[in-house]
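The values are calculated or read from the model by the stated rules, or taken from the named source; none is laboratory data. Given the structure is predicted, the values throughout are model-derived calculations rather than measurements. Neighbour counts run over all protein chains shown; Cβ positions are idealised from the backbone, glycine included. For accessibility, only protein heavy atoms count, side chains too; no ligands or nucleic acids. Shrake-Rupley method; radii C 1.70, N 1.55, O 1.52, S 1.80 Å.
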Amino acid sequence: MQNQISFHNSVKLKEVLTPSVEPISKEEILSNNWQIISKINFTGKLYLRDKSETNTFKGNLNKVDPDSLIYSKINVRHGCIYYHPINAIPFAVSSEYPVYKIDSSKALGDYLVMVIQSNDFKSILNKKATGISKARVKPTEFLETEMPIPSLSIQKELLRRYNDNIYQAQELEQKAIQIEEGIKHYTKDLLGATTKQTPKGQEGKYKYWNLVHFIDVSEWGVDIILKKQKKEIFKYPMVKIKDICLLGSGGTPSRSCPQYYKGNIPWIKTGEVLNEEIFETEEHITEDAIANSSAKLYPKGSLIIAMYGQGDTRGRTAKLGMDATTNQACAVLHDIDNSIVSTDYLWYYLQGRYDDLRSLASGNNQPNLNAGKINNYDVVVPPMDVQNEMVVHIKEQKALAKQLKQKAKEMRENALKEFEKEIFE
């Protein structure tokens, strides 16, 4: 239990926090239109259950009033702590989330959360966790933990400086978002994209019956047709991906043979497909791994489309900055006919069609793209000088957005370092 961390103005948490146990019934929750906690994530963000889940919730519940602090017994050592601000709407928690009232004459809720989420303080709480399957930090141990509590004026000043830096970082991130949105508008304007509207007088003509022209949809199926009712028209001709390049996929060498993953051939997973050029990978495989699996080595300059993956992964693209292999969840566009399209133009075009590509996915639990849909995907092909103009402009804008994001990231990291430097010796 010994720790090597020390700080100024140290007091035990029990001197500023008072346990609050106020049982609340489901009837009271429903009558007040309140909600029940779902979780607190590692950054301290609160998630509430849908109100429809109140009746089916099992277990006793306690009320969380404004100006209260709660933490997850299991994950407080990972930063799962939340301050419910003054004037906020009450909600309910299970016994897995102890509730505390804050002595406002000694501490600010936002300050307490900042300190508890610091890496140094999380390491202290990690040593206090007990249990075998799911180690927990007991309320008694939590309250006995020492914390630096300077005067309220100092707490306010530390928070002000931190929030000022975060605000500046958010402004930079917002500028980056605006640049990325500008790229989308620029691309549409350059390619002369317009939307084919429903003929005048036809809107709402049939409530349950719609006529769909075959030429207006790229694929049959109710969901696809509903998404494609407004067809985009471009001023330049279109070709299918299969007409301008070859399409391949990859494979995963057997994990039962660890030697396969001790080579020097880059092996890409969809999580590494991030709309960037790839120069390094997390894992590398051997030539034997390629020979004994469906993995293939693709040349530098090939383009990758993630066919499936968690969250926003599906539909993302990347460009190979070196020869590499991929797993089976990646579609690889190679041997691109540069007499028709430049590789970078095709890459930026696909990035701009991210949402449209994702909409082609099918499947219930985890919708996927497939080789057939990608092969038959339409690509607008303007003259080469227009392609080059678009590539130069987008490359410059993407570099600027990336620079802003990196600066914002550094500002966030420095803001936290400065805050912790004032607290910990």
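One line per residue, one yes/no per condition, for (1) within 25 Å of ASP378 (Cα to Cα); (2) open to solvent by 50 Å² or more (accessible area, probe 1.4 Å):
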residue: ASN264; (1), (2): no, yes
residue: ILE268; (1), (2): no, no
residue: THR286; (1), (2): no, no
residue: ALA291; (1), (2): no, yes
residue: LEU303; (1), (2): yes, no
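Given the structure, is ASN75 farther than 25 Å from MET147 by Cβ, open to solvent by 10 Å² or more (accessible area, probe 1.4 Å) and in contact (Cβ under 8 Å) with a residue 24 or more places away in the chain? Judged against the criteria, ASN75 is not a match. Against the conditions (1) within 23 Å of TYR377 (Cα to Cα); (2) not in a strand (DSSP E or B), MET322 satisfies every one except (1). Every test in (1) within 20 Å of PRO139 (Cα to Cα); (2) at pLDDT below 95; (3) under 23 Å from the mean Cα position of the chain (by Cα) is passed by ILE81 save one, and that test is (2).
Note on the stretch 352-425: enclosed helices (runs of 4 or more DSSP H) holding 3 or more residues that are open to solvent by 80 Å² or more (accessible area, probe 1.4 Å) and within 30 Å of ASN338 (Cα to Cα) are 384-423. Scoring PHE42 on the criteria (1) touching a helix residue (DSSP H, G or I) at 6+ places or on another chain (Cβ under 6 Å); (2) within 20 Å of LEU17 (Cα to Cα); (3) not polar (S, T, N, Q) leaves a single failure, condition (2).
Being in contact (Cβ under 8 Å) with a residue 12 or more places away in the chain, of a type in the set (S, T, N, Q) and either out of contact with any helix residue (DSSP H, G or I) (no Cβ under 9 Å at 6 or more places or on another chain) or open to solvent by 30 Å² or more (accessible area, probe 1.4 Å) (or both) is the filter here, so list the residues in the stretch 108-145 that pass it. Break it down stepwise before answering.
So in the stretch 108-145, the residues in contact (Cβ under 8 Å) with a residue 12 or more places away in the chain come out as 108-129, 134-139, 141-145.
When the remaining residues are screened for being of a type in the set (S, T, N, Q), the result is 117-119, 123, 126, 145.
The answer is GLN117, ASN119, SER123, ASN126.
Among the residues of the stretch 47-65, those that are exposed (fewer than 10 other Cβ atoms within 10 Å of the Cβ) and farther than 18 Å from PRO23 by Cα comprise ASP50, SER52. The residues in the stretch 327-356 that are β-branched (Val, Ile, Thr) and either in contact with an Asp or Glu (Cβ under 9 Å, 6 or more places away or on another chain) or within 18 Å of LYS184 (Cα to Cα) (or both) can be counted, and the count is 1. Confirm whether VAL341 is farther than 30 Å from ILE285 by Cα and among the hydrophobic types (A, V, I, L, M, F, W, C). Spelling it out, VAL341 is indeed farther than 30 Å from ILE285 by Cα and among the hydrophobic types (A, V, I, L, M, F, W, C). For the criterion of being within 35 Å of the chain's Cα centre (by Cα), loosely packed, with under 14 Cβ neighbours inside 10 Å and farther than 26 Å from ALA107 by Cβ, GLU27 fails. The set of residues from the stretch 315-351 being under 25 Å from GLU396 (Cα atoms), in contact with a Ser or Thr (Cβ under 8 Å, 6 or more places away or on another chain) and open to solvent by 40 Å² or more (accessible area, probe 1.4 Å) comprises just one member, ARG316. In the stretch 380-404, the residues that are more than 17 Å from GLU180 (Cα to Cα) form Cβ pairs under 6 Å with partners that are among the β-branched types (Val, Ile, Thr) and open to solvent by 20 Å² or more (accessible area, probe 1.4 Å), at six or more places apart or across chains, as follows: VAL381/VAL239. Just one of the numbered conditions (1) over 28 Å from ALA415 (Cα atoms); (2) in contact (Cβ under 8 Å) with a residue 60 or more places away in the chain is not true of THR43: (1). Test ILE70 against the stated conditions and say whether it is in contact with a Leu (Cβ under 8 Å, 6 or more places away or on another chain) and under 16 Å from TYR97 (Cβ atoms). When the stated conditions are applied, ILE70 does not pass them.
Scan the stretch 354-370 and give yes if some residue there is among the aliphatic types (A, V, I, L, M) and modelled with pLDDT of 95 or more, otherwise no. Steps first, answer last, please.
Kept after step one, since they are among the aliphatic types (A, V, I, L, M), are these residues of the stretch 354-370: 357, 360-361, 369.
In the following step, the residues that additionally are modelled with pLDDT of 95 or more were identified as none.
For the stretch 354-370, residues among the aliphatic types (A, V, I, L, M) and modelled with pLDDT of 95 or more: absent.
Taking the stretch 1-24 as the range and being open to solvent by less than 50 Å² (accessible area, probe 1.4 Å), at pLDDT 95 or above and either more than 35 Å from the chain's Cα centre (by Cα) or of a type in the set (A, V, I, L, M) (or both) as the test, the residues that pass are LEU13, VAL16, LEU17, ILE24.
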